[in-house]
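Engineer: The structure is given below, and queries will be raised subsequently.
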Amino acid sequence: MHDNIQSKKTTAHDTPYRTNSRAIDSSNTSVDSSSIDSSSVSIDSSNTSYIHTGNTTPEQIVSFAETLLNTPYKYASTDPKQGFDCSGFITYVFNHFSINVPRSSVDFTNVPHEVPVKEAKLGDLILFTGTDSTIRIVGHMGIVIYNGKDGLLFIHSSSGKAHGVTITPLNDYYKGRFMKVIRVFPQNEAK
């Protein structure tokens, strides 16, 4: 399968992503992002699979996400009146700003701009396996709200003990499920 490749450039606020229905094990892939010169990257915007963040800032995303704390967990829901699953929460938050994102957490697997955990910033997305960490397929996700000397915190809709939208540290349990951090806001590259 070949994509229609054209010489169109996106704005600085466009991040490509590819969605598909098959799960991909990315645990054995590694890219040294420090060697990439993003100023010379040309992205095909004719493909409709883009996250267009426009003028929305990571601060706006996180601030809005935090207004949804304690919303209950509900599998396969994007409705705050009923509750959210993890990707439903992400979808609802980003759609609030007219930013289209994949609906399923596994569909974030191939979103580019992976960054090391130590470089994660406000608004970056953090991806995890599902509850069975031995199956190395993305099955859960959240939004980074803090990363400093006290560690990383993320907001997500959890089916676990909190059973809803909560803020959680990147603790040993989540470190065991960790897949990657992805950057969807180019503003974070300049900071």
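Engineer: State all residues of segment 137-180 that are in contact (Cβ under 8 Å) with a residue 24 or more places away in the chain, assigned to a helix (DSSP H, G or I) and not small (Gly, Ala, Ser); if no residue qualifies, say none.
Structural biologist: If the condition is that a residue be in contact (Cβ under 8 Å) with a residue 24 or more places away in the chain, assigned to a helix (DSSP H, G or I) and not small (Gly, Ala, Ser), then Tyr174, Arg177 are the ones that fit.
Engineer: A follow-up question, please. The conditions are (1) more than 23 Å from Leu152 (Cα to Cα); (2) at pLDDT below 95; (3) not hydrophobic (A, V, I, L, M, F, W, C), and His113 fails exactly one of them. Which is it?
Structural biologist: Here His113 clears every test but (1).
Engineer: Take Glu114 and tell me if it is more than 23 Å from Phe64 (Cα to Cα) and among the acidic types (Asp, Glu). Lay out the reasoning, then the answer.
Structural biologist: Numbers: more than 23 Å from Phe64 (Cα to Cα): yes; among the acidic types (Asp, Glu): yes.
Here the answer is yes, as Glu114 does meet what is asked.
Engineer: Within segment 80-97, which residues are charged (D, E, K, R) and touching a residue at least 12 places away in the same chain (Cβ under 8 Å)? Steps first, please.
Structural biologist: Residues of segment 80-97 that are charged (D, E, K, R), as a first pass: 81, 85.
Answer for segment 80-97, where residues must be charged (D, E, K, R) and touching a residue at least 12 places away in the same chain (Cβ under 8 Å): just Asp85.
Engineer: Follow-up. Of the numbered conditions (1) farther than 16 Å from Lys180 by Cα; (2) touching a His at 6+ places or on another chain (Cβ under 6 Å), Asn100 fails exactly one; give the number of that condition.
Structural biologist: (2)
Engineer: Considering segment 60-72 alone, what residues qualify as being touching a strand residue (DSSP E or B) at 6+ places or on another chain (Cβ under 8 Å) and either polar (S, T, N, Q) or surrounded by fewer than 22 Cβ atoms within 10 Å (Cβ to Cβ) (or both)?
Structural biologist: Taking segment 60-72 first, the residues touching a strand residue (DSSP E or B) at 6+ places or on another chain (Cβ under 8 Å) are 61-62, 65-66, 68-72.
Hits for segment 60-72 are Val62, Glu66, Leu68, Leu69, Asn70, Thr71, Pro72.
Engineer: Now, a different point. Any residue in segment 104-112 that is small (Gly, Ala, Ser), touching a strand residue (DSSP E or B) at 6+ places or on another chain (Cβ under 6 Å) and surrounded by 16 or more Cβ atoms within 10 Å (Cβ to Cβ)? Write out each step before concluding.
Structural biologist: Within segment 104-112, the subset small (Gly, Ala, Ser) is 104-105.
Then drop every residue that is not touching a strand residue (DSSP E or B) at 6+ places or on another chain (Cβ under 6 Å), which leaves 105.
When the remaining residues are screened for being surrounded by 16 or more Cβ atoms within 10 Å (Cβ to Cβ), the result is 105.
Yes, some residue in segment 104-112 is small (Gly, Ala, Ser), touching a strand residue (DSSP E or B) at 6+ places or on another chain (Cβ under 6 Å) and surrounded by 16 or more Cβ atoms within 10 Å (Cβ to Cβ).
Engineer: Follow-up question, since we're still on this one. Any idea how many residues of segment 106-136 are assigned to a helix (DSSP H, G or I) and closer than 15 Å to Asp85 by Cβ? Show your work before the answer.
Structural biologist: Filtering segment 106-136 down to residues assigned to a helix (DSSP H, G or I) leaves 106-108, 117-119.
Right, trim to closer than 15 Å to Asp85 by Cβ and you get 106-108.
Within segment 106-136, residues that are assigned to a helix (DSSP H, G or I) and closer than 15 Å to Asp85 by Cβ number 3.
Engineer: Of all residues in segment 54-88, which are in a loop (DSSP other than H, G, I, E, B) and of a type in the set (A, V, I, L, M, F, W, C)?
Structural biologist: Within segment 54-88, the first condition is being in a loop (DSSP other than H, G, I, E, B), and the residues that meet it are 54-57, 67-71, 74-77, 80-82, 85.
The answer is Leu68, Leu69, Ala76.
Engineer: Right, Thr10: touching a strand residue (DSSP E or B) at 6+ places or on another chain (Cβ under 8 Å), more than 19 Å from Ile126 (Cα to Cα), hydroxyl-bearing (Ser, Thr, Tyr) and modelled with pLDDT under 50 or not?
Structural biologist: Values: touching a strand residue (DSSP E or B) at 6+ places or on another chain (Cβ under 8 Å): yes; more than 19 Å from Ile126 (Cα to Cα): yes; hydroxyl-bearing (Ser, Thr, Tyr): yes; modelled with pLDDT under 50: yes.
For Thr10, the condition - touching a strand residue (DSSP E or B) at 6+ places or on another chain (Cβ under 8 Å), more than 19 Å from Ile126 (Cα to Cα), hydroxyl-bearing (Ser, Thr, Tyr) and modelled with pLDDT under 50 - is met.
Engineer: A further question follows. Take segment 181-191 and flag every residue that is surrounded by 16 or more Cβ atoms within 10 Å (Cβ to Cβ) and not in a strand (DSSP E or B). Steps first, answer last, please.
Structural biologist: Kept after step one, since they are surrounded by 16 or more Cβ atoms within 10 Å (Cβ to Cβ), are these residues of segment 181-191: 181-188.
Within segment 181-191, Arg183, Val184, Phe185, Pro186, Gln187, Asn188 qualify.
Engineer: Ok, one more. Answer with yes or no whether Asn100 is within 16 Å of the chain's Cα centre (by Cα), without any contact (Cβ under 8 Å) to a residue 24 or more places away in the chain and surrounded by fewer than 17 Cβ atoms within 10 Å (Cβ to Cβ).
Structural biologist: no
The values are calculated or read from the model by the stated rules, or taken from the named source; none is laboratory data. All of these numbers come straight from a predicted model, not from anything done at the bench. Positions of Cβ are generated from backbone atoms using ideal geometry, with glycine treated the same way; all protein chains shown enter the neighbour counts.
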